[in-house]
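> Structure below; questions to follow.
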Amino acid sequence: MRDTLPADARLPGVLIPAALIAAADRFGGQLYGDCLAGDLVLRDGRAAGLEPASAPLEQLVLPKFTEPHVHLDKCHTIDRMQGIGGGLGDAIAAQAQDRRIWTAEDIHRRAGRGLQELLSAGCATVRTHVDWGISPDPAAAPLAWDILRELKEEAPAGVILQRAALTGADMMADISYARACARRVAQSGGVLGAFVLGQPERQAGILNTFRAAEEAGLALDFHVDEGLATGLDGLEMIADAALKTGFQGPVLCGHACSLMNHTDEDVQRIAEKLARARISVAALPATNLYLQGRSAGTPDRRGLTRIHELQAAGVNVVLGTDNVRDAFCPLGSHDPLATLSLAALAAHLDPPFGSHLPMITTGARKALGLAPVTVDGAAIGDLQLFDALSVTDILGSRAAPQPLAEALQGEQQ
């Protein structure tokens, strides 16, 4: 399709969130709420600027979304479980029980469905985690690792599917294990990660994870402090390890719910370390709201990280779907707009909502070690359209996007 698209074109009557334009002062257009409005001019297959609108405003133009934290190997398993509920430990046990019946066909079907749901929601970049360490051999990739590689190869052109190996910080405390695991992950183009949740060996495991990633040239991704119990300190350990080792690759930390337990002074100290180390943090509202803060009655604590405080310190905070319809979250959907909508309610992310879109677009790509895609200069294939007049519209209506390439193709026919 791309070969038949015009090099130059004009899309009349569109809105573009100003937060997704790198040089908004030079892009043209008329200010319209938190957007710039006008006719989108495309030159040489890229968005060149906005000129005065020649038609009524009808569509919103956005870059395609990025999903920075999801578990495609686990998704869509809840309906074959009975009586599932409880906290993180209960979910881990229930999902491990379900894993016993996983087959290549089962994983391919469920993960393929999840990936297609993400693509239909407007995603072009996805990072999915895969539990690693099922075998004592660190070089033994789990079945899901290879199935997700197949899905990556089957995906449409332009789709990026990253696989992150989720090991345990206790296992990575063995430097030989850490290095062997990192080498295997590097051979298949993956990302190295670890689960950090109060293990006695966590500090050594974190340091070894950084060292092994440096040696193998890998990006890092941690599940850390996924709980509201007191005493969880993995996030600061990760920041300290990054600063101590001088690690230069991208690092993303998911969850960090335990920041809710820290004083404002402690949060400020940790946030400043994260900013200095250029570590991004992924808030995962759906799964953590479901799992965390459980008591005998209605929960009175929110399973979220300190989004506002981290952002104020200059930390790149992004939003992820995490689990969908599995033991960790029995509901949910593979839709970054749904995640942003929920985060806005749970974390009081107030209007203008366009200012929060980088958490599922430009900022999310940066967290994955990829160059941000802003609308200005973006290729036609990297953009999508919504029939909407504001960001509020798409957050409330769950409108389906249309690839800009398809829209231009339709105009030619």
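The values are calculated or read from the model by the stated rules, or taken from the named source; none is laboratory data. For clarity, every value in this text was computed on a predicted model and none was experimentally measured. Glycine gets a Cβ as well: all are built from the backbone with ideal geometry, and neighbour counts include every protein chain shown. Quick note on the areas: whole protein, heavy atoms, side chains included, nothing else; ligands and nucleic acids left out. Shrake-Rupley method; radii C 1.70, N 1.55, O 1.52, S 1.80 Å.
> Which of the residues belonging to the stretch 298-340 are in contact with a strand residue (DSSP E or B) (Cβ under 9 Å, 6 or more places away or on another chain) and of a type in the set (Val, Ile, Thr)?
305, 307, 315, 317, 318, 321, 324, 339
Here's the yes/no breakdown for (1) open to solvent by 60 Å² or more (accessible area, probe 1.4 Å); (2) farther than 29 Å from residue 193 by Cβ:
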{"residue": "321", "(1), (2)": "no, no"}
{"residue": "383", "(1), (2)": "no, yes"}
{"residue": "389", "(1), (2)": "yes, yes"}
{"residue": "397", "(1), (2)": "yes, yes"}
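> So is residue 342 open to solvent by 50 Å² or more (accessible area, probe 1.4 Å), farther than 24 Å from residue 47 by Cα and modelled with pLDDT of 95 or more or not? So that I can check it myself, show each step before the final result.
Values: open to solvent by 50 Å² or more (accessible area, probe 1.4 Å): yes; farther than 24 Å from residue 47 by Cα: yes; modelled with pLDDT of 95 or more: yes.
So residue 342 passes the test.
> Residues 55, 47: which one is of a type in the set (Gly, Ala, Ser) and buried (at least 21 other Cβ atoms within 10 Å of the Cβ)?
Working: 55 fails: buried (at least 21 other Cβ atoms within 10 Å of the Cβ).
Of 55, 47, the one residue that is of a type in the set (Gly, Ala, Ser) and buried (at least 21 other Cβ atoms within 10 Å of the Cβ) is 47.
> Consider the stretch 13-31. How many of its residues are at pLDDT 95 or above and either in a strand (DSSP E or B) or touching a strand residue (DSSP E or B) at 6+ places or on another chain (Cβ under 7 Å) (or both)?
13
> Moving on. Checking residue 135 against (1) under 27 Å from residue 257 (Cβ atoms); (2) over 20 Å from the mean Cα position of the chain (by Cα), only one condition comes out false. Which one?
Residue 135 satisfies all of (1) under 27 Å from residue 257 (Cβ atoms); (2) over 20 Å from the mean Cα position of the chain (by Cα) except (1).
> Among the strands (runs of 3 or more DSSP E) confined wholly to the stretch 36-83, which include 1 or more residues that are more than 21 Å from residue 321 (Cα to Cα) and not aliphatic (A, V, I, L, M)?
Numbers: elements: 46-51, 59-63, 65-70.
Counting at least 1 such residues, we get 46-51, 59-63.
> While we're here: Just one of 194, 165, 140, 157 is in a strand (DSSP E or B), of a type in the set (A, V, I, L, M, F, W, C) and either surrounded by fewer than 17 Cβ atoms within 10 Å (Cβ to Cβ) or in contact with a Ser or Thr (Cβ under 6 Å, 6 or more places away or on another chain) (or both); which is it?
Working: 165 fails: either surrounded by fewer than 17 Cβ atoms within 10 Å (Cβ to Cβ) or in contact with a Ser or Thr (Cβ under 6 Å, 6 or more places away or on another chain) (or both); 140 fails: in a strand (DSSP E or B); 157 fails: in a strand (DSSP E or B).
The unique qualifying residue is 194.
> Taking the stretch 197-209 as the region of interest, how many residues are surrounded by fewer than 24 Cβ atoms within 10 Å (Cβ to Cβ) and of a type outside the set (Gly, Ala, Ser)? Step through it out loud before you land on a result.
Step one: of the stretch 197-209, the residues surrounded by fewer than 24 Cβ atoms within 10 Å (Cβ to Cβ) are 197-201, 203-204, 207.
Now drop any that are not of a type outside the set (Gly, Ala, Ser), which leaves 197, 199-201, 203, 207.
Counting residues in the stretch 197-209 that are surrounded by fewer than 24 Cβ atoms within 10 Å (Cβ to Cβ) and of a type outside the set (Gly, Ala, Ser) gives 6.
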